Ligand SMILES: C[S@@+](CC[C@H](N)C(=O)[O-])C[C@H]1O[C@@H](n2cnc3c(N)ncnc32)[C@H](O)[C@@H]1O
Ligand code: SF4
């Protein structure tokens, strides 16, 4: 048996946020029906009794925007056709504007045990400027409702660098989330993606962007703030209370096998990458003959280093050696310098970036790549 994680992409949203260029959009019920029929076919097509499923992640888009019967059907199929570990982490991404009691009850019935809620900010002006359709009150209500229905493994997504956000505004969001007893916070730097309405507004000077240096300062202060409240940073953007780290994401960063189902999803299985089309109409007509891409040894090594160093676990030196890269001898001089100057440390057979040096992570990575 091989350990495999499953990712399901739900490309539907109730409205499109001004900053987002994810593969997601607003579609009618007829198309949604076709989509779920297709994704269930894809799940069946790939079923293999040798797969031991360690986690399932239902992301998007906004999975909570669709009728929960579709989510239950997908989960039922996975449970019937694959061997799902009884301790598997099963996450669903949700939006405060569409999370209801009925859906939460269904998610529990479907064995979902982790929720991720797109909060972004608890400041109504910030929410408005990025085109979110919910308020601070709705976001907080979504958290308490989820807790009422027995979900205690809850992540909230937060954005750093929203126009109109100063450090005080950002800190009060984080403070309120800690008070609400969420167990995980993902704090992402807002990326101004090309051709999004927000980027166009910035370019035409209708809104003012928060400058990058300020964002880095905010981020560093948030790391300290969360640390004092027992939220440990285990990856650049991810903070968790003890034992609430997201197993699925850790799997990605450690280059574990995963199967992705749905439009635009990727899979990584035994060293090979598979891609689905990002066009929903094309996906609906596809016959699951995937575009394959066998990673070269060098690509595997690079990926292992780049993903691993983003986490507090670092990169396992022996595993890297097995991939064909003896980093200790190949980068001896660089490692000696980096250790001496407090950028990295060697701990339990792993190369780990020192806690206060994540700000220069990219430069450290460049020094260690083959
Ligand atoms: C699929 S969405 C989460 C669920 C739901 N769709 C929502 O937004 O409420 C995943 C996360 O990606 C992040 N995201 C999307 N576009 C981004 C961007 N341009 N820059 C940084 N983070 C972004 C947001 O924090 C969002 O919560
Ligand atoms: S951020 Fe979430 S809700 Fe907004 S458009 Fe992107 S996927 Fe949809």
Quiz prompt | Rounded Å value of the spacing that divides the Cα centres of the stretch 1-34 and the stretch 329-370 | solution = 37 Å
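Rounded, prolate or oblate, given the Cα gyration tensor of the stretch 1-48, with a/c below 1.5 counting as rounded? Working shown, then result.
Details: a/c = 5.00, a/b = 1.63, b/c = 3.07.
Because a/c hits 1.5 or more and a/b fails to exceed b/c, the stretch 1-48 counts as oblate.
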Quiz item: In a Debye calculation with equal point scatterers on the alpha-carbon sites of the stretch 2-252 and no solvent, what is log10 I(q)/I(0) at q = 0.15 Å⁻¹?
Solution: -1.10
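Quick check on the exposure proxy: order 35, 83, 57 from fewest to most C-beta atoms within 10 angstrom. Intermediate results must be reported in sequence, preceding the final value.
Working: 35 22, 83 14, 57 25.
Fewest-to-most Cβ neighbours within 10 Å comes out as 83, 35, 57.
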Quiz prompt | Theoretical gain in end-to-end length, residue 355 to residue 191 [0.36 nm per residue, Cα-Cα removed] | solution = 56.7 nm
Practice problem: Please work out the FRET efficiency for the pair residue 76 and residue 291, using the Cβ-Cβ distance as r and a Förster radius of 25 Å; give the result to the nearest 0.05. | Solution: 0.30
Quiz item: So for the pair residue 49, residue 339, with labels modelled 7 Å out along Cα→Cβ, what separation do we get in nm?
Solution: 4.9 nm
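Under the rule a/c < 1.5 gives rounded, and otherwise a/b versus b/c splits prolate from oblate, where does the stretch 313-370 land using the Cα gyration tensor?
Numbers: a/c = 1.68, a/b = 1.44, b/c = 1.16.
It comes out prolate by the Cα gyration axes.
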Quiz item: Once both labels are modelled 7 Å past Cα along the beta-carbon direction, what's the residue 202-residue 145 spacing in nm?
Solution: 3.1 nm
Quiz prompt | Backbone N within the stretch 137-174 under 20 Å of label point (7 Å from residue 228 Cα along the Cβ vector) | solution = 166-174
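Quick one: which of 211-221, 349-359, 97-107 comes out on top by average Cβ neighbours within 10 Å, and what's the full order, highest first? Before the final figure, lay out the partial values.
Values: 211-221: 14.2, 349-359: 16.5, 97-107: 18.1.
Packing proxy ranking, top to bottom: 97-107, 349-359, 211-221.
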Quiz item: FRET efficiency for residue 33 and residue 332, Cβ-Cβ distance as r, R0 = 56 Å, nearest 0.05?
Solution: 0.40
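What does the extension gain come out to for residue 243 and residue 319, with contour length at 0.36 nm per residue minus their alpha carbon separation?
Going from the current span to full extension adds 24.9 nm.
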Exercise. For the chain, set up a Gaussian network in which alpha carbons nearer than 10 Å are linked by springs, and say which option among 293, 316, 123 fluctuates the most.
Key: 293
Quiz item: Want the number for residue 216 to residue 1: 0.36 nm per residue separation, take away the alpha-carbon distance, what's left?
Solution: 73.1 nm
Quiz item: Based solely on its DSSP helices, what 222 nm [θ] is calculated for the chain when runs of n ≥ 4 H residues each add -39,500 (n - 2.57) and the sum is averaged over all residues, nearest 500 deg cm²/dmol?
Solution: -12000 deg cm²/dmol
Practice problem: Restricting to the chain, compute how many DSSP beta bridges are antiparallel as a %, nearest 5. | Solution: 40 percent
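Each reported figure results from applying straightforward, stated rules to the coordinates on display, with no laboratory input. In this text, all values refer to a predicted model and were calculated from it rather than measured experimentally. Virtual Cβ from ideal backbone geometry, glycine too; neighbours counted across all protein chains shown.
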